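Novice: Here it is, the structure, as structure tokens.
The values are calculated or read from the model by the stated rules, or taken from the named source; none is laboratory data. Quick caveat: nothing in here was measured; it's all calculated off a predicted structure. Don't worry about glycine lacking a Cβ; one is built from the backbone with ideal geometry, like all the others, and counts go over all protein chains shown.
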Amino acid sequence: MRPHRLELEAFGPYAAPVAIDFDPLARDGLFLIHGTTGAGKTFLLDALCFALYGVVSGERSVRGLRSQHALPTAVPRVLLEFSTPAGRWRVERQPACEVAKQRGSGTTTRPARAALFRVGADGEEPLAGGVAEVLREVVDLVGLDADQFRQVILLPQGRFAEVLRARPEDREALLQTLFDTGLYERATAWLEDQARAAQAQVFEGRRQQEAWRQEAWRQAESWVTTPEPSDSEPLAAPADQPQLEALVAAVDRQRQQAEARCGQLDAAWEQARRRQLEVLAGAERWDRRAEGRRRLEDLEQQAEAIAACRRQLARAQQAEGLRASLRGWREASSQQQQLETTGASLLARARRCRDQATGLPDLLVALDLLQLPAPAVLTAALTALAAQRAELEALVALQAELQQASQALAAAEAELADRGERVLRGQQHVADARSSLPQQEQQLLEARSARDGLAGLEQAQARASELVRVVAALETARQQQQQARERHQAAEGELLHCRQRELALRERQLAGMAAQLAADLQAGEPCPVCGSPEHPRPAAAGAAPVTPAALEAARASVNQAEQRQAREQEALARAQAQHAALQSQAASADPLAARAALAAAEAALARARQLAEALPGREAALAAAQRRLATFDTRLQEVLQEQAAAGERVRAEQQRRAAMEARLEARLPQGLDPAAALAAVDGLQPLLEQLVAQLDPLTAARSRSAEAQRRLAADLEAAGFASSEALEAALVDPAQRQRWEQTLQGHDQERQRWQGVLAAAELQDLPIERPDTAAAAAALEQADAQRTAAVERRAQAAAAAAALADLAERHRAGAEALAAAQARADRLAAVADRCRGRSAPHISLQRWVLSAYLEEICTHANQRLEQMTSGRYQLLLSDDSGQRKGSKAGLGLRVLDAFTGEEREVASLSGGETFQASLALALGVADTVQAHSGGVGLDALFIDEGFGSLDPDNLQLAMDELDRLREGGRMIGLISHVSALRERIRSGIEVVAGEHGSRLRVGPTGGGA
């Protein structure tokens, strides 16, 4: 951390604003803060410490920091601009204080405030805004808390020797912060976790061994609880590998016995099976003989039915020869009957049609239609009917012409009526067109007036719209400001998430450091953890290591989140500025009244625009109405002329219709309907023509029927059938005759087959009683059950033996693995205890590393202390772990006095010697931190007093060391009254006390060097 600029106001003795620019002072590396006693030199360091941490460097209370010289309304304020490896920053703080009220009398309490900004090339960016939040950010940026800052960077008056005289545990906390040795603490924790996991693995192995033994006993208990004849007593649950193997041998003997028993029962089952086959064969022959005898008896009982079937088949075969003669007679009779029926139907229909007709010739009226007339009579009637048809067709045509004339007359009359209606409508249209002209002329005048006043209304609407826009924009700006604030908060949350993810990756990287340490081990080289030169089982990496690419990606995510947070911060500032500007423009405008005025102005403007836009249309509408009136008037005259023409056509059609009615009346008989009479003729004429065509087929059918009947009678007599009905009774269909033939054939074949079966040699000499198959089956079933039970027992014994053998093998392998796991657990526990300091020499790994850092600090410090004390004193590490087990061993400090050759406590040093040792230790801390990457950057050092305790020679030696230190690029500020320092240090800050408060002069000190 390096300060660049310090500003303070109303702070301590400084009532007026003062500022210190450290960059010019840093060019010399060493500067002096001097002045009279009580002028306020230490307050400058208090201000620097307060700006960072909200506390002062000494014993003052932060409640009394407000300057007594300042105005009653002045508020104390401190500003510090500083830089770290992460960038440049500006922090502002205001302590809690009582100030006078701006109005009235009395005081008011101002709370403590703080703000932190990132300083970049583009300006300042807010980073934190609360007291606690700023403190967290500053500790994170500087890398030290307030107490550590006052021990290694700012050494307050009276507290200079704190690091030298600090307790080991306090010194450990400081060193942890300076050198970031959390890696070794995490490595130790990882080793402890590994030791616990290894011990848990041992416990799990033991539990698994016990589970295997219990499972083996469960598998074998039913086989070995009853002792064998060779055993003196039954076996018990195994407790070790030999007992488990004895259990396996006992179950295997049971398996062998079950195997022998299965062989015996297999032979017995085979003998029972052969006996059953013999009995079944004899029973089958006996059953066949009994079945043959029964079937022959059944065939004998069917003899009478078979004889009847033979007679029916012979009669049916004789009748089948007369089937064609019977079919011919039936077909001829059927054809005659159909023609007779058709002729009777035609006669009946002709009679009905003649009776319903009018105007028929006399010959047709007298025709007898109860029976078929002679062909000549029918021909004469058809001739008379054709002549009558011609006359009726002529009358029907004349009636059709009369109908057309009537329709033409009706159409002419309808046209005349339509023309009359169109005349009325035309007259109405002309009247309506004349009445609408005044209203359209008035609307035209209104549109022209609205057009002329449009400019004034637009100006009024623009003024009202601008006012409403400002009011609406103010609300929109407020919403945008809120949205920008929410996005800024979301960006800050995302930034926090990315930082946490990066931290988690780094923690995972640190978690694998044990494997990394193991990878660095070299054969014969001592282990940095346990010190052993042998490394039989180096730690292996657990989870996948964190790659640099993953860390770079996480860092890139953090950078992107930081950029987004910066953009959202800028957007929030712009939204706040826009909101303030619009709020000043809106002034005290009433949003409701502004919107109401805008609505009224817009309504009036819209109405005027609507009328103005309608002006061309209304002008066109008026012209169109005038043209429409002229068109209606012209059309009315045309329709009147069409009405007169339609009247002439009506009179002409009436005359034509009267002439046609006279002609029809002269030819049409009284009461005759020509169309109905023509329809009756059309129906009767086809029927008479069909009767003429029916005469010849009917005569031929009658002749064929008589001949077929004579031939059938002769065939019946020859065949011995009494009548055609007897012949029909004897006739059957071919399928029935086939069934009778199959029945007779099957009966004969069945009789012959069973007679052959009974004659077979194997069915002779059989016993009277049937062989007993049930007894043979029962014997075989019993043998099979015994054999199945033996096979099942053999399988169970084999499965139990195999399972026990597997368990025994797993138990043996598990015992070996358990021994190896126990050895590993013991080694891990020993290493973890050594790293945690629970075993000799009782120094933890982290303290061992810190002790190395402290030893390096002492080495650097002794180089300067040797110069400042002319080689008398050296700082040594005090390793008293053997005397104080469990204490912060390895971090103690003692002093070696070269004059006496003995070590002694640092508290035994005099005041000047203590200052020399403390200064050397502080400079050693700075050298060591700078030598190690990853530590806190100590680019500045402030020392308050202590030089007055040195004699001139020792003062000269101390200043020589400070000169060498500033040559390394550090900035060192000293507060002292010693006048010799002003001669040695070229530049500095002079604090001048005054009646109205102190002031500062920055520049040369008045000395030279």
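Novice: Quick one: count up the residues across segment 975-1004 that are in contact (Cβ under 8 Å) with a residue 40 or more places away in the chain, among the β-branched types (Val, Ile, Thr) and more than 26 Å from Ser67 (Cβ to Cβ).
Specialist: Residues meeting the conditions: 1.
Novice: Check Leu363, Leu296, Leu313, Leu322 and return the single one that is under 30 Å from Gln690 (Cα atoms) and surrounded by 13 or more Cβ atoms within 10 Å (Cβ to Cβ).
Specialist: Only one candidate passes the filter, namely Leu363.
Novice: Tell me which of these Gln670 doesn't satisfy, since it passes every other one: (1) modelled with pLDDT of 75 or more; (2) not in a helix (DSSP H, G or I).
Specialist: (1)
Novice: Also, quick follow-up: Among the listed residues Glu792, Glu856, Glu866, identify the single one that is in contact with a strand residue (DSSP E or B) (Cβ under 8 Å, 6 or more places away or on another chain) and either closer than 30 Å to Glu221 by Cβ or part of a helix (DSSP H, G or I) (or both).
Specialist: Being in contact with a strand residue (DSSP E or B) (Cβ under 8 Å, 6 or more places away or on another chain) and either closer than 30 Å to Glu221 by Cβ or part of a helix (DSSP H, G or I) (or both) holds for just one of Glu792, Glu856, Glu866, which is Glu866.
Novice: How many residues, within segment 254-281, are surrounded by fewer than 16 Cβ atoms within 10 Å (Cβ to Cβ) and not polar (S, T, N, Q)?
Specialist: 14
Novice: Here's another thing I want to ask about it. Do we find that Trp190 is at pLDDT 85 or above and assigned to a strand (DSSP E or B) in this structure?
Specialist: So Trp190 does not fit the description; no.
Novice: Also: With the requirement that a residue be more than 21 Å from Leu116 (Cα to Cα) and of a type outside the set (S, T, N, Q), what does segment 61-93 give you?
Specialist: Answer for segment 61-93, where residues must be more than 21 Å from Leu116 (Cα to Cα) and of a type outside the set (S, T, N, Q): Arg63, Gly64, Arg66, His69, Ala70, Leu71, Pro72, Ala74.
Novice: While we're here: Can you name the residue in segment 694-711 that is closer than 15 Å to Ala374 by Cβ and not acidic (Asp, Glu) and is also surrounded by the fewest Cβ atoms within 10 Å (Cβ to Cβ) among such residues?
Specialist: Ranking the candidates gives Thr699 first.
Novice: So, one more: Within segment 61-69, is even one residue modelled with pLDDT under 85, out of contact with any His (no Cβ under 7 Å at 6 or more places or on another chain), among the charged types (D, E, K, R) and closer than 19 Å to Glu9 by Cβ?
Specialist: Yes; the residues of segment 61-69 include at least one that is modelled with pLDDT under 85, out of contact with any His (no Cβ under 7 Å at 6 or more places or on another chain), among the charged types (D, E, K, R) and closer than 19 Å to Glu9 by Cβ.
Novice: Something else now. Could you check, for segment 586-596, whether at least one of its residues is at negative phi, at pLDDT 75 or above and aliphatic (A, V, I, L, M)?
Specialist: Yes, that holds for at least one residue.
Novice: A follow-up question, please. Which one of these is farther than 30 Å from Ala267 by Cβ, loosely packed, with under 10 Cβ neighbours inside 10 Å and not aromatic (Phe, Trp, Tyr): Asp765, Asp748?
Specialist: None of the other options fit; the residue is Asp765.
Novice: Check Ala146 against each of (1) surrounded by fewer than 21 Cβ atoms within 10 Å (Cβ to Cβ); (2) farther than 30 Å from Gln874 by Cα; (3) among the small types (Gly, Ala, Ser) and name the one condition it does not meet.
Specialist: Of the numbered conditions (1) surrounded by fewer than 21 Cβ atoms within 10 Å (Cβ to Cβ); (2) farther than 30 Å from Gln874 by Cα; (3) among the small types (Gly, Ala, Ser), the odd one out for Ala146 is (2).
Novice: Which residue is surrounded by the fewest Cβ atoms within 10 Å (Cβ to Cβ), if the candidates are limited to segment 106-119 and must be touching a helix residue (DSSP H, G or I) at 6+ places or on another chain (Cβ under 9 Å) and in a strand (DSSP E or B)?
Specialist: Arg113
Novice: Still on this structure, please answer the following. Return the only residue of Val56, Val78, Val91 being in a loop (DSSP other than H, G, I, E, B), touching a Leu at 6+ places or on another chain (Cβ under 9 Å) and within 22 Å of Phe22 (Cα to Cα).
Specialist: Only one candidate passes the filter, namely Val56.
Novice: In addition: Please work out if Val377 is part of a helix (DSSP H, G or I), under 30 Å from Leu360 (Cα atoms), touching a helix residue (DSSP H, G or I) at 6+ places or on another chain (Cβ under 6 Å) and not aromatic (Phe, Trp, Tyr).
Specialist: no
Novice: Still on this structure, I have one more. How many residues are under 10 Å from Thr188 (Cα atoms) and part of a loop (DSSP other than H, G, I, E, B) if we restrict to segment 838-851?
Specialist: So the count comes out to 1.
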